[in-house]
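Data first, discussion second: the structure below is written as structure tokens.
Read the figures in this text as sums done on the coordinates, not as results from a lab. Everything numeric here is computed off the predicted structure, so don't read it as measured data. Note that we place each Cβ from the backbone using ideal geometry, even for glycine, and neighbour counts take in every protein chain shown.
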Amino acid sequence: MQSGRVARFDDAAGLGDIEADDGTRYPFHCTQIADGTRTIEQDTPVTFEVVAGHMGRWEATRIASAPPTSP
């Protein structure tokens, strides 16, 4: 599992991007949110897996809200 944050999410389209802790961005569709909801707030800390998606692009899947980290 990787960790990062939701960099953007378009509620109407159900599409967004996650920015991993290493700075890499991965697109995702709302159906990849693990708890079954169809929306997620921007800047939400998340854990996720990366899989080969459409046209060979890497995509985020099994997206779950991560517990807040202590400073």
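Calculate log10 I(q)/I(0) of the chain for q = 0.21 Å⁻¹, where I(q) comes from the Debye formula with a single equal point scatterer on each Cα and nothing for solvent.
-0.81
For Ala52 paired with Ser65, estimate the spin-label separation in nm (one decimal), with each label point 7 Å from Cα along the Cα-to-Cβ line.
Using points 7 Å along Cα→Cβ, the separation is 3.4 nm.
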